[in-house]
Structures are given as C-alpha cells and as structure tokens.
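Heads up, the thing below is written out as structure tokens.
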Amino acid sequence: MATSDESVSVRKWLPLEANPNVMNKRGRHGVLRFFFITQTVGNACATIGLLHAVANMTSEISPSEESFLDRFLKTTASMNPFERAVFLENDREMKVAHSVAATDDETEASDNVETHVICFTYVNGKLYELDGRKSGPIPHGASSPDSLLQDAVKFIQRMIQKHPVSLNYKVIAISK
C-alpha cells in the first residue's frame, strides 16, 4: 500500500502542455503548419505574441541570418509548444533583452498587470487565435490573407462588447 506522501505525488496533475501527444494532435485534414509556443513566464505575453506573429510570417519576411530570431526558430522548429517555452525561458540572450526593455527609463515596471497580448494569424483558410496561456491555437472561422485584419477585428469587437468598460485593448498589425 502506498504511503500518504506517495499517494499525494501520484495525484499531482501535469499541465496538458507536458504531454506532446496531446499538444501536437493532428486533425483529420492534415497537419496545420504554424508556430505556437506556450507562455510559461509571467509578463512575457507581448514577447510571446510577437514571436507568434513573426514566426508565422516567415514566408513573407525572413529573419536576418544568425539573428536571435533566426537561431530560435531553427532550433525550436521540431519542438512542441512547451519545449519551446522551456528553451525560451532558459535563453540568456532573451532574458537580457527582456530585462533591458522592462527596465527602460520610459517603461514603469509594475506587478499589477491587467493586460494580455494575443496574436491572430491566417493558416489554411482559417483565422487562428494564438494565446500562449491556452493549450493551443483556437480557430475562429474562415479567413484569407486579404481579409485577415477585418476578420480579426470582428473577433476583437466581440471581445470589447463582452468587456465594454475596459480600456486595455491595443492592436498591432504586422504587414509587408
């Protein structure tokens, strides 16, 4: 019979991200080819959002050869979303860059953060929400490269309608 300490450890739950078989399920219609990373570091949602945006535009833009982004994307290409997060957490170059940006004279550091950054992208005819706090990409219906911005705006407007008194909405568009 297990001791009470053993029983407790057996009952601990792991996040879904810890199981790559759950995180990397492929749909019936083939593999969706896009970049997704889990957010495991607090106050890093803008970094994760920008990584989602740029990494899913590599057919449109190319990171400079041997830049941090180029090395990160190549190194993490075969990793699952949680493994990418662990890699990012342990990357010294990113830690330093994040610390410099967070302590810039124009930026006031605060533990009271009420904002969050997500990314919308187009993949295989659909609009996807990429939120590092979620277990994976969330489809939001049909879209196209030409209608991506308008399709994302429709979803954002629904979010604003649910929280009409909030002023914490910001939109960044990356375009060529």
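So who's got an amide H within less than 5 Å of the one on VAL123, skipping anything under 5 residues away but keeping other chains? H placed 1.01 Å off N, in plane.
Amide H neighbours of VAL123, under 5 Å, 5+ apart: TYR128.
If you take the square roots of the eigenvalues of the alpha-carbon gyration tensor of segment 35-76 and sort them as a ≥ b ≥ c, do you get rounded (a/c under 1.5), prolate (a/b over b/c) or oblate? Please list the in-between numbers first.
Numbers: a/c = 2.16, a/b = 1.66, b/c = 1.30.
The shape class here is prolate.
So if we plug the beta-carbon distance of ASN124 and GLU83 into 1/(1 + (r/R0)^6) with R0 = 22 Å, what FRET efficiency do we get, rounded to 0.05?
It comes out at approximately 0.40.
Could you state how much accessible area THR115 has, in square angstrom rounded to the nearest 10, with a 1.4 Å probe and all protein chains kept in place?
Spelled out: THR115, probe radius 1.4 Å, area about 60 Å².
The values are calculated or read from the model by the stated rules, or taken from the named source; none is laboratory data. Model, not experiment: these values are computed from the prediction. Neighbour counts run over all protein chains shown; Cβ positions are idealised from the backbone, glycine included. These accessible areas exclude ligands, DNA and RNA; they are computed on the full protein's heavy atoms, side chains included. Shrake-Rupley method; radii C 1.70, N 1.55, O 1.52, S 1.80 Å.
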